[in-house]
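Peer 1: I have a structure I would like to understand better, so I am pasting it below and will then ask my questions one at a time.
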Amino acid sequence: MKLPLSALSAWVQVPWDAAELARRLTFAGFEVESVEPAAPVFSGVVVARIVSAEPHPEAGKLRVCRVVIGDGPGAAASVQIVCGASNARAGLVSALATIGAVLPGDARIKAAKLRGVESQGMLCSARELGLGEVSEGILELPADTPLGVDLRTALDLDDPILEVNVTPNRGDAMSVLGMAREVAALGAARIKTPALGVAAANTPVHHAAHSGDRLAVDLPAKSGAGRLLACVLRGVDNTRASPAWLRERLRRSGLRSISPVVDVTNYVMLELGQPMHAYDRAMLHGAMAARWALPGERLRLLDGREIELAADVLVIADQQSILGLAGIMGGERTAISSATRDIALEVAWFVPAAIAGRARRYGLQTDASQRFERGVDWRLQERALQLATQLIVQLAGGEAGPVTVAEQPEALPHVVPVRLRARRLKRLLGAGVPPGQIEQRLGALCMKVRADAAANAAAPEDAVWSVEPPSWRYDIAIEADLIEEVARIGGFDAIPEREALLPVALKPLASNQIDERVVLRTLAARGFQEAINYAFVDPALQRELFGAQPMIELSNPIAADMAVMRSSLWPGLLRAARENLRRQTQRVRLFEIANRFLVDGEGRPREQKMLAAIALGARLPEQWGSGATAVDFYDLKGDLEALLALGGSPAEFLFEPATLPCLHPGRSARIVRGQLEIGHLGELHPRLVRSLDLTYAPILFEVDFTATFVAKLAQFRETSRYPLIRRDISFTVPEAIAFRHIGERVSVVAASLLQELRIFDVYQGKGVETGRKSVALGLILQELTRTLTDEEADRVVQAVRADLESNLDARVRE
């Protein structure tokens, strides 16, 4: 929220400069993100009056103006300015950049000749001075603006603008009045009653009483609204321009001027925090009501979009159709225009839960919805309507009719006192606060504090209070909320630091869990870099990778290519790898540890922690000792096996031929631990390599982090003192048989004598029958209690041969 210091100072005496105010607000829970002047830096621009404007002799669109920057006998002589603005005319007071002036963007003004006519400066537009994004001519200032005064001084353009980050639970602070209450509490000051906008803005408005000006309002029970007020103004001239003070006030808060009526409603919202809406009275039919939408009802919004409404959406309607989304945005049919002469002002209080989430559902985020879903003061509506009516009558004319009110008391908040104990406050804050200061701080926030006389007389540390929050504080519900307020107003930085009274005991990692930091260090040591990607991914890419897999769609995505939650870490890694390739990084090694988001069999979302990695480019960094060889399936498999070995039982993990739609059919595998599939490894499908415009085919893996990194607890096993015996065996088997099945048969037959099984050769080609492959094994045999004899070792080999021949169709090669 943009907060001009000048607007704040109208409500409360600010005892600090802008920097100190920003610091104190930040320590009070309102982070001030920046403090900037109301206008960008420029110099040499003064207030001047055009005394004559004649056509340029050589250019029909230019005017030759005589401009003065002072009145009276001692005033400076006029200067000649060539200007192309259509609104340059005699008598206009505007902004003159004199010779030597420096405008935003470091533009320097020099004397020049335009079509043969000398120009001694430049008459400036709002856009050229950084006071607006667009402008239709030079700046028009009030006629009574003192001439010759520096423009920054005349318009107070050095007024600091604070960018305040208001937390979601503090809707009451999303206005100048709300922030003024905070400053008053922090500085022990009093809230003033300013003359908002014009001196008479707080003078009661005369409301005409004839029935033609009365707009009936209806508020059904359980409609999501507690109060609904309306007032008709007839004879309004909405073609007038808003005065300079109002346009500038809106600009400093980040809003643009539209028309007097809309500008006033925005101004009231900024000052008081109460949104309101203006309708074209001629387009209303019958009574105005707040109700729930009916299934299938549609509404064309002010932005031109047509939406279909759900039954849980609150709307404002008349007896014929819907007028707008309650608390969010009005409808196009009843929008006011320059031709509107009669308007209906609507101001309401809505239950925050009835507004929350509806704007985001339709891709909207309005100033009104932000305030209503956080909570608006339910006693503020009459005051806001009075101010808006007064300003519209003064700025655009017209006559106000009577105010009609509908109310549902059971829907309005019920203030419930909250109990506060001094002993509990000291326990939560770690420091005590004197009872007098507690009462003073809460009282400064307009809370009604009643002390328990009996408890407070016994001992100050046992003091108890009953505290009633004001109508605008929806965030005060429990004792901890009051304790936070006491600490906040005193300043979180004022709480003294103390050593912990008890030692901090960190939760130990389970003995069978592998520390994530060990995984990170292992991958980093093998040349990988950690990536952190968005959990939102491109639905088209995810569909291309995984087909028609159910996806969790975002209701209000920040971009079209970030519209779904990732069901795998691969889309993010592929996108990161592609961006690296585009920046001439030819060798990429990335990994990520993060959650993926899946839909279970019952349609419910669930999260799963995963580890994924991608490798593409050369196997090794460029060097003179070896040639450039592209990374392949077995390189990344080796990296993954190094991770699997962290648990001390790499043999538990099996790699089985399998594929996914996004992986190369002949260069992919699934990873199994016991009976559980924990992930996949493989080369990206050539079709995807082409569609993603990748220079190299990347190799990827993804595994379930929790299921993978469970360690096998170390157990003592006696080491044999006797020598090892190695026996080699070579045979052929059908090419479809995996090494896992061969290893299982060898382990069963050799039993406890087998200490290690090594596969040292696999061959297919000349000399081997088609459809078969040659495998060479090394059997490492050892007995624990004695020396194993050659005869015993030979018997084991013979038994292994026989078992492989009978169970796996092996043919021993001699």
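The values are calculated or read from the model by the stated rules, or taken from the named source; none is laboratory data. Computed from a prediction, not measured in an experiment: that's the story for all the values here. Quick reminder, even Gly has a Cβ in these numbers, built from the backbone with ideal geometry, and neighbours come from all protein chains shown. Side chains are part of the model used for accessible areas, which takes the heavy atoms of the whole protein and leaves out ligands, DNA and RNA. Shrake-Rupley method; radii C 1.70, N 1.55, O 1.52, S 1.80 Å.
Yes/no matrix, rows are residues, columns are (1) over 20 Å from Gly430 (Cβ atoms); (2) of a type in the set (A, V, I, L, M); (3) in contact with a His (Cβ under 7 Å, 6 or more places away or on another chain); (4) loosely packed, with under 13 Cβ neighbours inside 10 Å:
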site: Pro470; (1), (2), (3), (4): yes, no, no, no
site: Tyr474; (1), (2), (3), (4): yes, no, no, no
site: Glu484; (1), (2), (3), (4): no, no, no, no
site: Pro496; (1), (2), (3), (4): no, no, no, yes
site: Leu509; (1), (2), (3), (4): yes, yes, no, yes
site: Leu523; (1), (2), (3), (4): yes, yes, no, no
site: Gly527; (1), (2), (3), (4): yes, no, no, yes
site: Asn533; (1), (2), (3), (4): yes, no, no, no
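Peer 1: Please list, ordered by residue number, the strands (runs of 3 or more DSSP E) wholly in the range 682-788 having 1 or more residues that are aromatic (Phe, Trp, Tyr) and more than 30 Å from Glu592 (Cβ to Cβ).
Peer 2: 725-734, 754-763
Peer 1: From the set of residues in the range 287-309 that are in contact with a strand residue (DSSP E or B) (Cβ under 9 Å, 6 or more places away or on another chain) and small (Gly, Ala, Ser), which is nearest to Arg234 (Cα to Cα)?
Peer 2: Ala287
Peer 1: Then there is this: Any residue at all in the range 218-239 that is basic (Lys, Arg) and either more than 19 Å from Ile316 (Cβ to Cβ) or in a loop (DSSP other than H, G, I, E, B) (or both)?
Peer 2: Yes: one or more hits.
Yes/no per residue for (1) open to solvent by 60 Å² or more (accessible area, probe 1.4 Å); (2) farther than 22 Å from Pro160 by Cβ; (3) among the small types (Gly, Ala, Ser):
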site	(1), (2), (3)
Trp16	no, no, no
Arg24	yes, no, no
Gly29	no, no, yes
Ala39	no, no, yes
Ser52	no, yes, yes
His56	no, yes, no
Leu62	no, yes, no
Val67	no, yes, no
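Peer 1: Output the residue which, of all residues in the range 216-251 that are under 30 Å from the mean Cα position of the chain (by Cα) and open to solvent by less than 20 Å² (accessible area, probe 1.4 Å), is nearest to Leu3 (Cα to Cα).
Peer 2: Leu250
Peer 1: One residue is enough: does the range 81-97 have a residue meeting the conditions open to solvent by 70 Å² or more (accessible area, probe 1.4 Å), modelled with pLDDT of 90 or more and within 17 Å of Arg49 (Cβ to Cβ)?
Peer 2: Yes, some residue in the range 81-97 is open to solvent by 70 Å² or more (accessible area, probe 1.4 Å), modelled with pLDDT of 90 or more and within 17 Å of Arg49 (Cβ to Cβ).
Peer 1: Looking at the structure I just gave you, is Phe739 exposed (fewer than 14 other Cβ atoms within 10 Å of the Cβ) and either under 28 Å from Val631 (Cα atoms) or out of contact with any helix residue (DSSP H, G or I) (no Cβ under 8 Å at 6 or more places or on another chain) (or both)?
Peer 2: When the stated conditions are applied, Phe739 does not pass them.
Peer 1: Which one is nearest to Gly273 (Cα to Cα) among residues in the range 371-409 that are among the acidic types (Asp, Glu) and over 35 Å from the mean Cα position of the chain (by Cα)?
Peer 2: Per the stated criteria, the residue is Glu407.
Peer 1: Could you identify the single residue in Arg379, Arg383, Arg371 that is of a type outside the set (Gly, Ala, Ser), closer than 30 Å to Leu255 by Cβ and part of a loop (DSSP other than H, G, I, E, B)?
Peer 2: Step by step, each of Arg379, Arg383, Arg371 is checked, and only Arg379 is of a type outside the set (Gly, Ala, Ser), closer than 30 Å to Leu255 by Cβ and part of a loop (DSSP other than H, G, I, E, B).
Peer 1: Here is a further query. Among what's in the range 606-647 and is over 23 Å from Thr585 (Cα atoms) and among the charged types (D, E, K, R), pick the residue that is surrounded by the most Cβ atoms within 10 Å (Cβ to Cβ).
Peer 2: Lys609
Peer 1: Quick test for you: out of Val775, Val768, Val797, pick the one residue that is β-branched (Val, Ile, Thr), more than 60 Å from the chain's Cα centre (by Cα) and modelled with pLDDT of 90 or more.
Peer 2: One residue alone meets the criteria, Val797.
Peer 1: Let me ask another. If you check Leu420, Leu428, which single one turns out to be of a type outside the set (Gly, Ala, Ser), in contact (Cβ under 8 Å) with a residue 24 or more places away in the chain and over 27 Å from Arg190 (Cβ atoms)?
Peer 2: That would be Leu428, the only listed residue that is of a type outside the set (Gly, Ala, Ser), in contact (Cβ under 8 Å) with a residue 24 or more places away in the chain and over 27 Å from Arg190 (Cβ atoms).
Peer 1: If Ala53 meets every condition in (1) within 46 Å of the chain's Cα centre (by Cα); (2) in a strand (DSSP E or B) apart from one, which number is that one?
Peer 2: In the conditions (1) within 46 Å of the chain's Cα centre (by Cα); (2) in a strand (DSSP E or B), Ala53 misses (1) alone.
Peer 1: Search the range 153-195 for residues being of a type in the set (S, T, N, Q) and either surrounded by 15 or more Cβ atoms within 10 Å (Cβ to Cβ) or modelled with pLDDT of 95 or more (or both), and hand back the single one that is farthest from Val351 (Cα to Cα).
Peer 2: Ser175
Peer 1: Here's another thing I want to ask about it. Quick check, is Ile514 within 36 Å of the chain's Cα centre (by Cα), surrounded by 13 or more Cβ atoms within 10 Å (Cβ to Cβ), in contact (Cβ under 8 Å) with a residue 60 or more places away in the chain and closer than 30 Å to Ala645 by Cβ?
Peer 2: The answer is yes for Ile514.
Peer 1: Pick from the range 519-540 the residues that are charged (D, E, K, R) and not in a helix (DSSP H, G or I): which of them is nearest to Leu640 (Cα to Cα)?
Peer 2: Arg526
Peer 1: Can you find even one residue in the range 429-439 that is open to solvent by less than 10 Å² (accessible area, probe 1.4 Å) and under 24 Å from Val351 (Cβ atoms)?
Peer 2: no
Peer 1: Mind listing whichever residues of the range 552-587 are touching a strand residue (DSSP E or B) at 6+ places or on another chain (Cβ under 6 Å), aliphatic (A, V, I, L, M) and in contact (Cβ under 8 Å) with a residue 60 or more places away in the chain?
Peer 2: Matches in the range 552-587: Leu569, Leu573, Ala577.
Peer 1: Restricting to the range 649-664, name every residue that is open to solvent by 60 Å² or more (accessible area, probe 1.4 Å) and either touching a strand residue (DSSP E or B) at 6+ places or on another chain (Cβ under 9 Å) or more than 24 Å from His741 (Cβ to Cβ) (or both).
Peer 2: Result: Glu652, Pro657, Thr659, Pro661.
Peer 1: Consider Glu128 carefully, then state whether it is out of contact with any Pro (no Cβ under 7 Å at 6 or more places or on another chain), over 20 Å from Pro57 (Cβ atoms) and surrounded by fewer than 21 Cβ atoms within 10 Å (Cβ to Cβ).
Peer 2: Answer is no for this residue.
Peer 1: With (1) modelled with pLDDT of 95 or more; (2) under 28 Å from Ala184 (Cα atoms) as the list, and Gln437 as the residue in question, which single condition is left unmet?
Peer 2: Gln437 satisfies all of (1) modelled with pLDDT of 95 or more; (2) under 28 Å from Ala184 (Cα atoms) except (1).
Peer 1: Sticking with this structure for a sec: Filter the range 329-368 down to the residues that are open to solvent by less than 20 Å² (accessible area, probe 1.4 Å), closer than 18 Å to Val261 by Cα and either touching a His at 6+ places or on another chain (Cβ under 6 Å) or part of a loop (DSSP other than H, G, I, E, B) (or both) and list them by number.
Peer 2: Selection gives Gly330, Thr334, Thr340, Glu346.
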